[in-house]
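Inspection log for the structure reproduced underneath, given as structure tokens.
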Amino acid sequence: MKKITIEEATKASGGELCRRGRENYITGVRHDSRDCGKGDLFVAIKGENQDGHDYIPQALEKGCAGVMISREGSWLNEAEHSGAAVIKVEDTVRALGSLAGHYLRGLNAKKVAVTGSVGKTTVRDMIYYVLSEKYRCGRNIKNYNNEIGLPLSILRFEEDTEIVVLELGMSDFGEIDALAKMVEPDVGVITNIGMAHIEHLGSREGIFRAKMEMAPYIGGGTGKGTLVFACDNQMLTRETTKGNYRQVCVGENGKSDYIISDIRDRGVEGISFTLEHMEKTCRISLPVAGRHNAVNAAVAAAVGGVFGIDMKTAAEGLLKTKLTGSRLNIIDGPGFKIIDDTYNASPDSMKGALKVLEKSKGKRKIAILGDMYELGGDSERQHFGIGVFARGLDIDILVAIGKDAGKIAEGAEGGRADIYRYVKKEEFYDKINEMTGDGDIILVKGSRGMEMEQIVDKLLEK
């Protein structure tokens, strides 16, 4: 982070400087007192279970230059003794966003914003690697993509950053609007419109409207921005996404600006495909598993094209891609391989992971699947549909774990896989040794709240 004055931070956040400190500048912004250090501004955020104001003494002990608060307390005296500045605002989360927006506008950097139902982080990472072939780039910390994580990520970018690639997450209406307003992207990206968060948004049409909240902010509304999207011929088309910006569409449709063809799926070994743009073609290889990632990689190449990066250079960047977190992460276990895709799950991503498993080489192919959350009244149908999808695949064993995953087991009946159903993970642990063996390849996937990574840990202990 480039240093900014306490006065600038106060004005940008819409706050009041209650107490000046010994330091005139801040060189970092933190919301976790354990991460604080000299020169930092600690933002006290009140959450569902904890109130950051309670941790101000610990932040002060670490030598913070200042604290941002929304209420006063006895620790104000400690702030005075420590020499820390105190900025008071009405809402620390909103103030953090305002500060981040101000900071981002002060950087001489182009901005790319990525949203979509599934694949946001993957596409963000791929764009980052493509653009890094030519520019100094920044991206979100880990999967920090919400009203708190996005500002914290922005406030870590260095002054010499040329392009930032930012993932915008959401679970309800209005959230993309707030984040896009903060970023004002030069390039907006929509990966797809799926079923994730349908519990809150009601329908795919609702999900589409929520994602399109980004549209008015692309290019700052000047008409000079670009929207890149993966055309699905239903929700995402030139007609449905038109606005005051240039459109670039990607797809297997011959009418797309970037045309994908001849996809070769090698399971856990990755994929390759041909990409055509303006009568030029390029063969692209990816170290990332999943046929669906051809579209994600093509989107990244299209964003590169907006910034003057040719397809050959984009292909070189994509070859270096390393994905954030447990997303189709291939782990060598004791005699077998694990496809760790435990970060999260939706119907679309579940099907994609199952296809990766089917295309992979192994003595036996085993799918261990957990509940998918936030599907609302459509949950039973969607879980059953995953089972039906799995029924038609070349899979040897399917293990369904969770309250809703029983419907996956029901849907899979009649296929070639042996089916096992457990309500709790703990019920499965005793069966791991007898159910898995040398040469197997094992997919583990479920929604974040299922904590399916615990199964990965158990498999590695085998």
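The values are calculated or read from the model by the stated rules, or taken from the named source; none is laboratory data. These numbers were taken from a predicted model, which means no experiment stands behind them. Reconstructed Cβ throughout: ideal geometry from the backbone, glycine too, with neighbour counts over all protein chains shown. Each accessible area value is taken on the protein alone, full model and side chains, heavy atoms only, with ligands, DNA and RNA left out. Shrake-Rupley method; radii C 1.70, N 1.55, O 1.52, S 1.80 Å.
Summary of computed values
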quantity	calculated
Matching entry among Lys431, Lys445, Lys458, Lys424 (being open to solvent by less than 60 Å² (accessible area, probe 1.4 Å), among the basic types (Lys, Arg) and either modelled with pLDDT under 95 or in contact with a strand residue (DSSP E or B) (Cβ under 6 Å, 6 or more places away or on another chain) (or both))	Lys445
Of all residues in the range 130-154 being in contact (Cβ under 8 Å) with a residue 40 or more places away in the chain and β-branched (Val, Ile, Thr), the one that is nearest to Phe229 (Cα to Cα)	Val130
Where a residue in the range 11-31 is of a type in the set (Ser, Thr, Tyr) and its partner, wherever it lies, is assigned to a loop (DSSP other than H, G, I, E, B) and buried (at least 16 other Cβ atoms within 10 Å of the Cβ), with Cβ under 8 Å and at least six apart	Ser13/Val89; Tyr25/Gly39; Tyr25/Ala65; Thr27/Met1; Thr27/Gly39; Thr27/Ala65
Number of the exception - Gly387 against (1) modelled with pLDDT under 95; (2) over 29 Å from Cys282 (Cα atoms); (3) not in a strand (DSSP E or B)	(1)
Given (1) surrounded by 15 or more Cβ atoms within 10 Å (Cβ to Cβ); (2) in contact with a Phe, Trp or Tyr (Cβ under 9 Å, 6 or more places away or on another chain); (3) of a type outside the set (A, V, I, L, M), index of the condition Thr240 fails	(1)
Contacts under 6 angstrom Cβ, first residue in the range 109-129 being modelled with pLDDT under 95, partner part of a helix (DSSP H, G or I), 6 or more apart	Val118/Asp348; Val118/Ser349; Gly119/Asn296; Thr122/Asn296
Of all residues making up the range 59-76, the number that are in contact with a Phe, Trp or Tyr (Cβ under 9 Å, 6 or more places away or on another chain), more than 16 Å from Thr5 (Cβ to Cβ) and either in a loop (DSSP other than H, G, I, E, B) or of a type in the set (S, T, N, Q) (or both)	1
Candidates Ala79, Ala9 - the one that is farther than 19 Å from Gly149 by Cα, open to solvent by less than 10 Å² (accessible area, probe 1.4 Å), of a type in the set (Gly, Ala, Ser) and in a helix (DSSP H, G or I)	Ala79
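Condition check ((1) surrounded by fewer than 23 Cβ atoms within 10 Å (Cβ to Cβ); (2) more than 10 Å from the chain's Cα centre (by Cα)) across all residues:
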site: Thr115; (1), (2): no, no
site: Val130; (1), (2): no, yes
site: Asn143; (1), (2): yes, no
site: Glu167; (1), (2): no, no
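Conditions tested, residue by residue: (1) assigned to a loop (DSSP other than H, G, I, E, B); (2) surrounded by fewer than 22 Cβ atoms within 10 Å (Cβ to Cβ); (3) under 19 Å from the mean Cα position of the chain (by Cα).
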position: Val303; (1), (2), (3): no, no, yes
position: Glu316; (1), (2), (3): no, yes, no
position: Lys322; (1), (2), (3): yes, yes, yes
position: Ile331; (1), (2), (3): no, yes, no
position: Pro334; (1), (2), (3): yes, yes, no
position: Ile338; (1), (2), (3): no, no, no
position: Ala345; (1), (2), (3): yes, no, yes
position: Ser349; (1), (2), (3): no, no, yes
position: Gly352; (1), (2), (3): no, yes, yes
